[in-house]
């Protein structure tokens, strides 16, 4: 019996009938396919973006990686494109030299947002894609099993190592009916978020099925899988069917199509039923993607800004919708409207057919093909301003304005708001005529650089500017941990709060400098306190580390001496990042125990034997003992004890 058959011998038979199970089974290298069990899977493709990519490749250097062993890996420059000084420009040159040396495709600034570009150019049905960005599941819209992770996991995948994760439960989302006019795919995922919230998908994967999926194009499906990340789900996916085949034909890749659908007798762990025909326009209120209500409940709120774009809603169909709705009209005076294409190819087609003129003529400001306002890179709202955005996150302060009120909606709703000047149900605009799709979406290559062959690459030197600092590998974890509680935070703390982006994105390659801003939005004194106390502990509530995959939310606290995080629960990606960086993630056994620890309390614990799932945390300030636990596998324990994944691998390589 070969290795693959042995691995699948004990697999959950229900899982093997799902689309997700079929792809996992074809890529399984370690473990057993049963929900909750840790597995290692082969990764076919990887992507990085420049905000996470520089560190991912610095980690690759620390691991001694010299050449990508994946089928395809792409380095995208789509976040830090403003180049306010030398820092971003130096990062881009470094990324270009890395791509050439390691054998990666480089997507230059202006070519578009990684997820939209990858969907159009590279993602394939049945393949696995790992990306150092939490919205990597976008490519699940065409049947590619796509997962977001920290940069170190991507570096390991580039080196040919398996990606480790816990086998998710598969939740089937049955779609029936058809969307009514002015109701969009964005409303579908907002409905999912309305039902299960920002942590209802943790430990699960969302698989869409039912007659309703046949009414959704691949870009619409991608909107849904993209924002599934906000539920905490490991990934989201649609089957690869004739709709998928037609999309691949339009982008010149029909030969890459393969059918992948669930078995007729598939049984899901859970089922969510959504009748598309009964949906109404929805909107996420500040300050959470899960704070979803019907648009009509918040009608009349004055709007200062509208932003169209992001990896969620920047496809050709999305921007054509905006152009058609704005043609012959004018944006409300006093309101700012920006529009960003998701890819150069989308931008080109809009320009070629005159639709950019419709946008400009109505008063829209057309921005570069980048993430831009979504990650706080420009277009910050005014103080206490209201911004309606077609983006995927509205965490407090993420827009660049701490007291801004950011709402998330479909393009139809957002453009309606831009015209009326207040939150308005888009159905009041009448029916939008059908959006004509181009027969072919031409893939322009002016901003794409293919790598040289391996022989030529061997002579390429990596170019590092003064802002790019090597990764500091932590020391092994001692048997005893002690220190102060540096900060205590509530539920649903996002990585935007732990490591703010926006104006600080240019510091992503410089951990010592970036570390000065850890927890700045919540507590500006955190850095000085951590330095004074020489590290310590973080205490948190539920779903700690939700949102962006940025591993800096683990790297920078580690640099400041944080030894452990004790929380009620963790988000999936951040939990993996903490382990990779060598920070011990622990959970309170009882939720009430969270209240028994306060900021500045002196804590101590024996961690010599992490094989025990329950440890005793001693609060020396209050003289009480608190049981805490972990979900670490034996391999995770070895990594934590070694001081993180890089230290662990380097130690193994020396043996």
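Observations
- Its relative contact order, with pairs defined as Cα atoms under 8 Å and 6+ residues apart, puts segment 480-654 at 23 percent.
- Distance from the alpha carbon centroid of segment 438-491 to that of segment 615-655 works out to 24 angstrom.
- A Förster distance of 22 Å, applied to the separation of the beta-carbon atoms of residue 38 and residue 614, puts the FRET efficiency at 0.65.
- Between 0 and 90 degrees, the angle of helix 316-326 with respect to the longest Cα principal axis of the chain falls at about 50 degrees.
- Computed [θ] at 222 nm, deg cm²/dmol, the chain (DSSP H ≥ 4; -39,500 (n - 2.57); rounded to nearest 500): -8000 deg cm²/dmol
- Within segment 152-179, backbone nitrogen closer than 11 Å to the virtual label 7 Å beyond the Cα of residue 457 toward Cβ: 159
- Residue order for 283, 39, fewest other beta carbons within 10 angstrom first, comes to 39, 283.
- Helix 411-420 axis, angle to the chain major axis (alpha carbon atoms, nearest 10°): 60
- Model label sites at residue 280 and residue 629, defined 7 Å from Cα along the beta-carbon direction, differ in position by 4.2 nm.
- Annotation: peptides 333-345, 521-533, ranked by per-residue average of other Cβ atoms within 10 Å with the highest first, follow the order 333-345, 521-533.
- Cα-based helix-to-principal-axis angle, 572-581 vs the chain, degrees rounded to 10: 40
- Spatial offset of segment 1-54 relative to segment 165-189 amounts to 23 Å, using the alpha carbon center of each.
- Residues in segment 388-423 that a label on residue 293 would reach, taking backbone N under 15 Å of a point 7 Å out along Cα→Cβ: 405-409, 423
- Put a dot 7 Å past the Cα of residue 330, heading toward its Cβ, do the same for residue 382, and the two dots end up 1.9 nm apart.
- In this structure, residue 513 and residue 651 have a Cβ-Cβ separation that, at R0 = 30 Å, corresponds to a calculated FRET efficiency of about 0.60.
- Ascending count of other beta-carbon atoms within 10 Å, so fewest first, for 241, 609, 50, 425: 609, 241, 425, 50
- Relative contact order %, the chain, counting alpha carbon pairs below 8 Å whose residues are six or more apart: 14
- Alpha-carbon centroid distance for the pair segment 116-148 / segment 78-104, whole angstrom: 22
- Length released on extending from residue 531 to residue 83, taking residue separation times 0.36 nm less the Cα-Cα span: 158.2 nm
- In this simple spin-label approximation, residue 403 and residue 271 carry label points 7 Å from Cα along the Cα→Cβ vector, and these lie 5.0 nm apart.
Each value in this text was obtained by applying a stated rule to the coordinates, not by laboratory testing. Source: prediction; values computed, not measured. Don't worry about glycine lacking a Cβ; one is built from the backbone with ideal geometry, like all the others, and counts go over all protein chains shown.
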